[in-house]
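Worksheet for the structure shown next.
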Amino acid sequence: MEHYNMNLTLKIWRQKNVNAKGGFETYKVTDISSEMSFLEMIDVLNEDLINEGKDPIAFDHDCREGICGSCSMYINGKPHGPWKATTVCQLHMRAFKDGETIVVEPWRANSFPVVKDLVVDRSAFDRIIQAGGYISVNTGNAVDGNSIPVDKDKADKSFAAAACIACGACVAACKNSSAMLFVSAKISHLALLPQGHPERKSRAINMVAQMDKEGFGSCTNIGACEATCPKEIQITNIARLNAEYLSASLSSDKD
Amino acid sequence: MTWKQMFTSSIGQKFVMAITGIFLITFLVVHVGLNACIWANDNGEMFNTGANFMASMLVIRIMEVVLFAGIIIHTIQGLVLTAANNSKRKVGYAVEYGNRGSKWYSRSMGLLGTLLLLFLIMHIYHFWVPSRLGGIANIKPLQEIDYSNGLGKQYHNLYLEMIQVFQNPLIVILYVLGCISLAYHLMHGFESAFRTIGLHNNRYLKMLRHLGRGFAIIVSAAFAMMPISIYLGWVK
């Protein structure tokens with residue numbers, strides 16, 4: 001692949017804190033290598049800002065290898081930028097051309113308040129997981145991994161759902177700010193495995209209740225989440241979530 | 001989990017939309033089938049006889065109430081959900097997400113539904129009101145027609161009402177626009193309703209996607225052809 005350098009204009013959302021009114025700032029970056037990742041390009045810009053005595057741009061990042069789900073930039077109208085099935089850290093600058101203007105915004109949803117610049121508070125996802133995204137296991141020695149047989153097809157589907165890194169791109173892309181792709185991935189991951197069965201019903205009820213409490217919207221099956229998901233979580237999981245939730249609530253004992 | 005908790009949850013509210021939506025879809029099958037009798041070209045005898053049979057059957061009278069309840073619940077729940085969903089992102093994006101991964105009509109179910117509601121009000125005023133409430137207060141009753149060879153059995157001439165209403169080209173255009181809204185509403189709604197009630201087997205979802213699109217196009221086109229064929233004088 002041809003290596004080239006480029007000059008870019010960046011319009012980046014700057015916001016001091018959760019209560020401050022933010023706005024776009026325009027920055028020029030020069031001699032950006034096409035081999036850099038998008039985050040490395042921001043690192044270069046931040047070096048310049050620090051040298052000028054200015055406040056660097058705050059953004060979330062951790063593993064920089066596409067598995068932690070920290071990076072969360074809405075680039076040119078798309079969560080995680082223009083590439084399919086890619087996180088921002090794996091997005092490389094060869095996705096852009098010399099002279100381009102790139103607009104970078106934080107995730108937008110009431111349930112994801114902006115903490116600073118491009119950093120949003122995604123602890124709503126943690127609270128949804130705490131509400132039911134776990135299984136019960138006995139303490140003591142680890143049991144033999146093969147002691148409970150698992151159907152291969154279900155194991156594959158469960159594994160595909162478990163690939164969700166909880167980055168929040170589904171919420172960012174959804175016109176309803178719905179978190180259902182995330183919740184459905186977590187529910188499917190456990191509901192498809194025998195280990196997830198003891199809490200299967202309470203999990204669906206409690207995680208959906210927490211999701212509603214956090215103020216996420218409801219799913220209208222448009223498919224924007226599936227199209228933008230860096231881990232290609234399928235929207236079919238949302239239909240499975242609906243089935244899990246409805247069967248759990250319809251078979252509930254309370255009147 | 002109480003009933004209230006279930007039906008006020010995000011999925012519970014979607015469930016209400018799906019169940020009422022599927023019920024309204026089944027109604028369309030009956031409606032389009034009966035109305036297609038106008039193409040028998042027998043001066044409306046088959047159509048009027050059929051309509052009279054429906055009107056005089058207790059089951060259908062009860063289902064009429066259920067139908068109105070279904071439309072009202074689907075409308076109110078739809079408006080409540082749309083308003084709630086639209087309020088979940090107070091600060092919007094500078095660059096919009098656009099149509100990647102979703103169709104415009106999938107994102108416009110609220111708008112299409114509102115257009116359908118306006119259409120329904122006009123439609124009920126044109127046919128249901130004179131047929132069911134004709135003679136009460138100042139509402140003009142439908143003409144009566146006798147198909148019983150002098151045995152004295154009188155039928156509402158709903159067929160004549162259709163012929164008269166669809167002489168106005170503006171009304172024909174409004175009806176065709178209503179049918180187009182219906183087609184797009186069903187293009188998304190048919191499959192989405194089954195997803196919402198929890199159907200997640202890929203083989204059935206694929207089947208329902210094709211079935212839903214076929215249903216949306218065929219049923220809406222059949223409905224649209226009714227005012228058009230009457231206006232153009234193809235129905236005798």
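The values are calculated or read from the model by the stated rules, or taken from the named source; none is laboratory data. All figures in this text were calculated on a predicted structure; none of them were measured in a lab. Methodologically, a virtual Cβ is constructed for each residue, glycine included, from the backbone with ideal geometry; neighbour enumeration extends over all protein chains shown.
Scanning segment A:234-246 for residues that are at the interface with chain B (Cβ under 7 Å from one of its Cβ atoms) and among the polar types (S, T, N, Q) returns A:Thr236, A:Asn242.
Here segment A:76-113 is the region considered, the condition is being under 17 Å from A:Gly22 (Cα atoms) and more than 8 Å from chain B (Cβ to nearest Cβ), and the residue that is surrounded by the fewest Cβ atoms within 10 Å (Cβ to Cβ) is A:Pro113.
Here is the figure for segment A:234-243: residues that are more than 17 Å from the chain's Cα centre (by Cα) and either surrounded by fewer than 24 Cβ atoms within 10 Å (Cβ to Cβ) or without any contact (Cβ under 8 Å) to a residue 60 or more places away in the chain (or both) total 5. Only a single item in (1) touching a strand residue (DSSP E or B) at 6+ places or on another chain (Cβ under 9 Å); (2) at pLDDT below 95 is not met by A:Val150, and it is number (1). Scan segment A:35-56 and tell me whether some residue there is within 14 Å of chain B (Cβ to nearest Cβ) and under 19 Å from A:Lys231 (Cβ atoms). There is no residue in segment A:35-56 that is within 14 Å of chain B (Cβ to nearest Cβ) and under 19 Å from A:Lys231 (Cβ atoms). With respect to (1) among the small types (Gly, Ala, Ser); (2) within 20 Å of B:Ile25 (Cβ to Cβ); (3) touching a residue at least 40 places away in the same chain (Cβ under 8 Å), the lone exception for B:Ala183 is condition (3). Scanning segment B:32-46 for residues that are in contact (Cβ under 8 Å) with a residue 12 or more places away in the chain and part of a helix (DSSP H, G or I) turns up B:Val32, B:Leu34, B:Asn35, B:Ala36, B:Cys37, B:Ile38, B:Trp39, B:Glu45. Among the residues of segment B:82-115, those identified as over 26 Å from A:Gly22 (Cβ atoms) and facing another protein chain (nearest Cβ under 7 Å) are B:Gly101, B:Ser102, B:Ser106, B:Arg107, B:Met109.
Tell me, please, whether a residue that is touching a Ser or Thr at 6+ places or on another chain (Cβ under 8 Å) and surrounded by fewer than 22 Cβ atoms within 10 Å (Cβ to Cβ) can be found in segment A:177-187. No, segment A:177-187 has no match at all. Meeting the requirement of 2 or more residues that are over 28 Å from B:Gln164 (Cα atoms), the helices (runs of 4 or more DSSP H) wholly within segment B:59-140 are B:104-107, B:109-123. You will find that of A:Ile67, A:Ile57, the residue that is surrounded by 21 or more Cβ atoms within 10 Å (Cβ to Cβ) and part of a loop (DSSP other than H, G, I, E, B) is A:Ile57 and no other.
A single entry from A:Lys11, A:Lys21, A:Lys16 fulfils the requirement of being over 24 Å from A:Asp126 (Cβ atoms), basic (Lys, Arg), in contact with a Ser or Thr (Cβ under 8 Å, 6 or more places away or on another chain) and outside the structural domain of A:Ser177 (by TED's automatic domain parsing): A:Lys11. Filtered by the rule that a residue be farther than 30 Å from B:Val91 by Cα and among the hydroxyl-bearing types (Ser, Thr, Tyr), segment A:118-159 gives A:Tyr134, A:Ser136, A:Thr139, A:Ser147, A:Ser158.
Considering only segment B:196-236, how many residues are within 14 Å of another protein chain (Cβ to nearest Cβ), in a helix (DSSP H, G or I) and touching a residue at least 12 places away in the same chain (Cβ under 8 Å)? The qualifying residues number 5. Beta carbons closer than 9 Å, at least 6 apart along the sequence or on distinct chains, pair a first residue in segment B:1-28 that is within 17 Å of A:Cys219 (Cα to Cα) and within 7 Å of chain A (Cβ to nearest Cβ) with a second that is assigned to a helix (DSSP H, G or I) and among the acidic types (Asp, Glu) for B:Ser9/A:Asp212; B:Ser10/A:Asp212; B:Ile11/A:Asp212.
For segment A:209-233, taking the residues that are within 7 Å of chain B (Cβ to nearest Cβ) and closer than 19 Å to A:Leu91 by Cα, the one that is surrounded by the most Cβ atoms within 10 Å (Cβ to Cβ) is identified as A:Thr228. Being modelled with pLDDT of 95 or more, touching a Phe, Trp or Tyr at 6+ places or on another chain (Cβ under 8 Å) and either within 27 Å of A:Ser111 (Cβ to Cβ) or not assigned by TED's automatic domain parsing to the domain that holds A:His61 (or both) is the requirement here; does A:Met211 meet it? Spelling it out, it is not the case that A:Met211 is modelled with pLDDT of 95 or more, touching a Phe, Trp or Tyr at 6+ places or on another chain (Cβ under 8 Å) and either within 27 Å of A:Ser111 (Cβ to Cβ) or not assigned by TED's automatic domain parsing to the domain that holds A:His61 (or both).
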